[in-house]
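Here's the structure, in structure tokens; my notes come after.
All of the numbers you see were taken from the coordinates with simple rules; none came from a lab. Please read all numbers here as calculations on a predicted model, not as lab measurements. As a convention, Cβ positions derive from the backbone with ideal geometry for all residues, glycine included, and neighbour counts pool all protein chains shown.
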Amino acid sequence: MIIDPDRYLSRFHDSGADILTVQYEACNHLNRTAAEIRRLGMKAGVAVNPHTPVSLLKNILAYVDMVLIMTVNPGFGGQSFIKESYNKISELRKMIDDGKYDVLIEVDGGIDTTNARKLVETGVNVLVAGNSVFGSKDPAGTIKELKEFNN
């Protein structure tokens, strides 16, 4: 999450990024930003904070490859998953399916083995798990368990 990400798109590309996700709340011209990310040869993603309605993404879904739903407020690890995110994910999944868009749904924040299955069942394609993996006594085992939910 950076202010005016357009200034840095080429730098990310030149550094080897192949997917670049920008924050909805930090982009003045999201369509133009997504188009430039793709023009540079990267996949374009857009992230939204917990309070941002996914309905605002309706007209951008044709121009992005992934939507990241923040399921905690950005800032620090170890926060609890915001349960209202399930409704938001369901709404986004319906928008993607109804429009026949090829867009992945990613979630980040409070993801662990207690909610991963329901998230995948709700329509999530990509789970980001930080504390649940790195704070685990068996990180490899936790990763294996999380991967099982996606099969």
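Taking every alpha-carbon pair under 8 Å whose residues sit at least 6 apart, the stretch 5-148 reaches a relative contact order of 17 percent. For Ile111, the amide hydrogen comes within under 5 Å of the amide hydrogens of Gly130, counting only partners 5 or more places away or on other chains and with H modelled in the peptide plane.
Cβ-to-Cβ counts within 10 Å put Ser136, Ser15, Ser85 in ascending order as Ser15, Ser136, Ser85, the fewest first. Remark: the chain is approximated by an ellipsoid whose semi-axes, taken from the C-alpha gyration tensor as √(5λ), come to 26, 18, 15 Å, largest first. Taking the longest Cα principal axis of the chain as reference, the axis of helix 30-39 is set at about 90 degrees.
For a quick check, take a GNM of the chain with Cα springs below 10 Å and name the residue from Gly16, Gly110, Gly130 with the largest mean-square fluctuation. Among Gly16, Gly110, Gly130, the largest GNM mean-square fluctuation belongs to Gly16. The lysine pair tally for the chain, using Cα distances under 19 Å and a gap of 8 or more places or different chains, is 13. Sorted fewest first by neighbouring Cβ atoms within 10 angstrom, Ile3, Ile143, Ile111, Ile82 come out as Ile3, Ile143, Ile82, Ile111. Our coupling estimate for the stretch 101-110, obtained by passing each phi through the Karplus curve with A = 6.51, B = -1.76, C = 1.60 and θ = phi - 60°, is 8, 9, 10, 7, 10, 10, 10, 9, x, x Hz, Gly and Pro reported as x.
Once backbone amide H atoms are built at 1.01 Å from N, Val22 has Gly45, Val46, Ala47 as its partners under 5 Å, excluding neighbours fewer than 5 places away on the same chain.
Karplus-derived 3J(HN,Hα) values for the stretch 124-140, using 6.51 cos²θ - 1.76 cosθ + 1.60 with θ = phi - 60°, are 6, 9, 10, 9, 9, 10, x, 4, 5, 8, 6, x, 7, 6, 9, x, 5 Hz; glycine and proline are entered as x.
If we count every other residue with Cβ under 14 angstrom of Ser55's Cβ, Lys/Arg +1 and Asp/Glu -1, where does the sum land?
Neighbourhood net charge equals +2.
The smallest convex shape that holds all Cα atoms of the stretch 2-51, its convex hull, gives 69 Å³ per residue. Other residues whose C-beta falls under 12 angstrom from the C-beta of Ile82 contribute a net charge of 0, scoring Lys and Arg +1 and Asp and Glu -1.
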